[in-house]
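The values are calculated or read from the model by the stated rules, or taken from the named source; none is laboratory data. Not measured: the values here are computed from a predicted model. Glycine also receives a Cβ, built like all others from the backbone with ideal geometry; neighbour counts cover every protein chain displayed. Please note that ligands, DNA and RNA were not included when accessible areas were found on the heavy atoms of the full protein model with its side chains. Shrake-Rupley method; radii C 1.70, N 1.55, O 1.52, S 1.80 Å.
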Amino acid sequence: MNPNSVHDPQTRQTIVRLLSSMGSAKEISQYLKRFSQLDAARFAVVKVGGAVLRDDLDALVSSLAFLQDVGLTPIVIHGAGPQLDVELSAAGIEKQTIDGLRVTSPEALAIVRRVFHAQNLKLVEALQASDARATSIVSGVFEADYLDRERFGLVGEVKRVDLAPIQASLQAGSIPVIASLGETIGGQILNLNADFAANELVQVLQPYKIVFLTGTGGLLDEQGKVIDSINLSTEYEHLMQQSWIDGGMRLKIEQIKDLLDGLPLASSVSITKPAELAKELFTHKGSGTLVRRGERVVSVDSWGGLDLVRLRGLIESAFGRTLAPDYFERTTLQRAYVSENYRAAVILTAEDAGTYLDKFAVLDDAQGEGLGRAVWQVMRDENPRLFWRSRRGNQVNAFYWSECEGSIKQPTWKVFWYGINDFAEIASCVHHCDTRPATLLEHASLDHRLKEQANG
């Protein structure tokens, strides 16, 4: 955190208000610590569409200024598509696109430059008016060459990214605001597609977060609801086969996959609204669509197919409690679903009452990545009937509630199930949960209690 900023009463009030309305202080502290350990240039690249600059400037400025208040400096790159449409139309220049790229004549380029400069300055001045430090960068970052002069005119493709102007801004504690304009070695300005320019910048910076700010606030499913997370390793092929994914969304997902394939495994893409940026970055639940390359999920039906030392470490770290020494000997496994790097796992056992969820463990640093949900989804697709228990007051119960078809409260436990409709079967499940012996030893502290992910 920036030590100078948090002593300002107004900033402190802003942070307290955000903490109380957005999520738990524990979650937010966890993300702040993670982000603050990164090199400044590796925190986040934020791609802002022209429509956001036009329609949602106040929320954008507020969110970016907040990040600076807590000691983080995002790198912002913006487009100006809608503004260009208006200005070119007013000048009597007909819009012409080929393969989604705007054909740019010399007359159009003069307007492109003017509009990009104006939109860049508009954002920088708005940030400065909110007491944020921001630097306008409209040239010197993207060295480009003609994409295809005969087809596209003065449209460029990025050949080299010069980070010097960005680094200078970051070292001054100022948010770099970059226009997607390129120039040739000879000094000719070229129009760049903002998404392509952002992608090139990301490949050089290798940031932890890439954020696309949009009006829709995320990728939408067939009901028009925001998809909260996508684990490409387990979901990409299935997702791309869905009939409800239109051409634009299909292209977006393909571009994101290509982008993440060139980045470290820890990197992720978030698509959200400007007003929800802090919630997306600082809470497990997030606010938009989080896309990660993710991890493959290994599925086995015997303990012999797993590294039990690593699995024990995962369970004990996730629960903050010691697993019974003879757990693997006394527990008859039906099936286990484990992420390839042992950061999330679901363990199922076969009981007289039916298939029982014995453990659902997710490491702290994997929470908020959608990894736990990805492992859960693989498990759920293969298991149409399931029951389980969880301690009352457990933070994961909200997720369980969204996944179950029924629940009963007991003094210590809540019992959940799905795919079970017969009352006698439900009663048998509840009895099993009530009498099942614990396999995790008592907590050492209250903080560990808060780490619980499932049953005892």
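Take the residues of region 201-231 that are of a type outside the set (Ser, Thr, Tyr), part of a loop (DSSP other than H, G, I, E, B) and under 28 Å from residue 140 (Cβ atoms): which is farthest from the chain's Cα centre (by Cα)? Of everything passing the filter in region 201-231, 206 is farthest from the chain's Cα centre (by Cα).
The single condition among (1) within 30 Å of residue 167 (Cα to Cα); (2) touching a Ser or Thr at 6+ places or on another chain (Cβ under 8 Å) that residue 185 does not satisfy is (2). Out of 202, 211, 226, 269, I need the residue that is open to solvent by 50 Å² or more (accessible area, probe 1.4 Å) and of a type outside the set (S, T, N, Q). Which one? Residue meeting the stated conditions: 226. In this structure, is residue 366 touching a residue at least 60 places away in the same chain (Cβ under 8 Å), of a type outside the set (D, E, K, R) and in contact with a strand residue (DSSP E or B) (Cβ under 7 Å, 6 or more places away or on another chain)? No: the conditions fail for residue 366. The criterion of at least 2 residues that are among the polar types (S, T, N, Q) and surrounded by fewer than 17 Cβ atoms within 10 Å (Cβ to Cβ) is met by the following helices (runs of 4 or more DSSP H) wholly inside region 74-183: 164-171.
Checking each residue in region 269-325 for being more than 14 Å from the chain's Cα centre (by Cα), polar (S, T, N, Q) and within 15 Å of residue 231 (Cβ to Cβ) picks out only 299. Suppose the filter is touching a residue at least 40 places away in the same chain (Cβ under 8 Å), small (Gly, Ala, Ser) and open to solvent by less than 70 Å² (accessible area, probe 1.4 Å); does residue 407 pass it? For residue 407, the condition - touching a residue at least 40 places away in the same chain (Cβ under 8 Å), small (Gly, Ala, Ser) and open to solvent by less than 70 Å² (accessible area, probe 1.4 Å) - is not met.
Tallying residues that are closer than 25 Å to residue 338 by Cβ and not basic (Lys, Arg) within region 270-288 yields 2.
Taking region 410-430 as the range and being touching a residue at least 60 places away in the same chain (Cβ under 8 Å) and either surrounded by fewer than 13 Cβ atoms within 10 Å (Cβ to Cβ) or among the hydroxyl-bearing types (Ser, Thr, Tyr) (or both) as the test, only 428 passes. Hey, could you check region 320-367 for residues that are in contact with a His (Cβ under 8 Å, 6 or more places away or on another chain) and open to solvent by less than 50 Å² (accessible area, probe 1.4 Å) and say which is farthest from residue 265 (Cα to Cα)? Top of the filtered list is 353. Assigned to a helix (DSSP H, G or I), free of Cβ contacts under 8 Å to residues at least 12 places away in the same chain and among the β-branched types (Val, Ile, Thr) - does that describe any residue in region 375-398? No, there is no match, as no residue in region 375-398 is assigned to a helix (DSSP H, G or I), free of Cβ contacts under 8 Å to residues at least 12 places away in the same chain and among the β-branched types (Val, Ile, Thr). Would you confirm whether or not region 230-241 contains a residue that is among the small types (Gly, Ala, Ser), in contact (Cβ under 8 Å) with a residue 12 or more places away in the chain, within 21 Å of residue 286 (Cα to Cα) and buried (at least 19 other Cβ atoms within 10 Å of the Cβ)? No: region 230-241 contains no residue that is among the small types (Gly, Ala, Ser), in contact (Cβ under 8 Å) with a residue 12 or more places away in the chain, within 21 Å of residue 286 (Cα to Cα) and buried (at least 19 other Cβ atoms within 10 Å of the Cβ).
Scanning region 1-55 for residues being at pLDDT 90 or above and in a helix (DSSP H, G or I) gives a total of 6.
Among residues of region 368-392 being basic (Lys, Arg) and surrounded by fewer than 22 Cβ atoms within 10 Å (Cβ to Cβ), the one that is farthest from residue 295 (Cα to Cα) is 392.
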